[in-house]
Structures are given as structure tokens and as C-alpha cells.
Amino acid sequence: MVDALPLRAELLRADGGATANRFLMQFQADLLGTEVHVAAETEATALGAAALAGLGVGVWRDAEDVGRLIPAGGTFEPSMERDEAAALREGWRRALARAL
């Protein structure tokens with residue numbers, strides 16, 4: 001999905017059950033070469049829906065107000081050498097091509 005973006009992502013925000021896997025979050029940071037911020041609440045989708053509803057009815061003024069309510073869970077910073085990460089990403093792309 002990140003490869004489909006028209007620009008380079010400088011930050012990835014993650015939530016959901018997979019965020020409990022610290023290896024996976026670090027691996028994503030390494031392969032993408034960008035920070036991965038994990039939500040403290042793994043199921044942040046419901047929080048996002050509630051936040052949008054609250055914004056819609058005026059409970060909060062703007063996204064900054066809402067952002068202060070949602071605590072961060074952790075940050076994973078890239079630590080893998082870029083050459084190694086590029087080789088692993090290329091291997092992933094080849095595996096995807098074979099699966100299609």
C-alpha cells in the first residue's frame with residue numbers, strides 16, 4: 001500500500017491487533033525507513049469514529065483537540081541498513097508478483 005502513495009510517507013500510524021507484535025512493527029519501520037507510531041488503544045477505529053462524531057456536533061473544535069485525547073502507545077524507528085531493507089522489500093515484491 002505504501003508503494004502506491006504518490007509521495008514518500010514520513011510517518012506510519014498503526015492500530016489494530018497486529019500492533020501487539022513488536023517484531024512486526026519494528027520490521028515495518030525498518031523496511032519503510034520511517035517511524036511507525038503505534039496507538040495505545042489497539043482498536044483505535046472506534047475511537048476515530050467517535051472523534052469524528054464529536055467534531056461533527058461541536059464537542060471538540062478541531063483535530064488538535066481530539067489528538068490530545070488519544071495517547072500514543074509507542075514509536076518504532078528504523079534501524080536496519082537501507083541496502084538490506086531494499087533487498088528485503090524487493091524480495092517481497094517478487095513474492096507478491098508470483099502470488100498473482
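The values are calculated or read from the model by the stated rules, or taken from the named source; none is laboratory data. This is a predicted model, so every value here is computed, not measured. Positions of Cβ are generated from backbone atoms using ideal geometry, with glycine treated the same way; all protein chains shown enter the neighbour counts. Ligands, DNA and RNA are stripped out before the accessible areas are found, and what is left, the full protein with its side chains, is counted by its heavy atoms. Shrake-Rupley method; radii C 1.70, N 1.55, O 1.52, S 1.80 Å.
Look through Glu64, Glu77 and report the one residue that is among the acidic types (Asp, Glu), over 23 Å from Trp92 (Cβ atoms) and open to solvent by 80 Å² or more (accessible area, probe 1.4 Å).
Values: Glu77 fails: over 23 Å from Trp92 (Cβ atoms).
When all the criteria are applied, what remains is Glu64.
Condition test on Ala86, is it open to solvent by 40 Å² or more (accessible area, probe 1.4 Å) and hydrophobic (A, V, I, L, M, F, W, C)? So that I can check it myself, show each step before the final result.
Working: open to solvent by 40 Å² or more (accessible area, probe 1.4 Å): yes; hydrophobic (A, V, I, L, M, F, W, C): yes.
Yes; evaluated as a whole, the condition is true for this residue.
Among the residues of the range 7-46, those that are hydroxyl-bearing (Ser, Thr, Tyr) and either open to solvent by 40 Å² or more (accessible area, probe 1.4 Å) or within 21 Å of Asp83 (Cβ to Cβ) (or both) comprise Thr34, Thr42, Thr45.
Do the conditions hold for Gly56, that is, is it open to solvent by 50 Å² or more (accessible area, probe 1.4 Å) and in contact with a Ser or Thr (Cβ under 8 Å, 6 or more places away or on another chain)? No. Going through (1) modelled with pLDDT under 95; (2) part of a loop (DSSP other than H, G, I, E, B) one by one, Pro78 falls short only on (1). Pairs linking a residue in the range 45-68 that is more than 23 Å from Gly16 (Cα to Cα) to a residue that is assigned to a helix (DSSP H, G or I) and open to solvent by less than 60 Å² (accessible area, probe 1.4 Å), with Cβ atoms under 6 Å and 6 or more positions apart or on different chains, are Trp60/Gly54; Trp60/Val66. In the set (1) more than 25 Å from Leu96 (Cα to Cα); (2) open to solvent by 60 Å² or more (accessible area, probe 1.4 Å); (3) at pLDDT 85 or above, the condition left unmet by Ile70 is number (3). When Arg13, Arg94, Arg8, Arg89 are screened for being in a helix (DSSP H, G or I) and within 19 Å of the chain's Cα centre (by Cα), only Arg89 passes.
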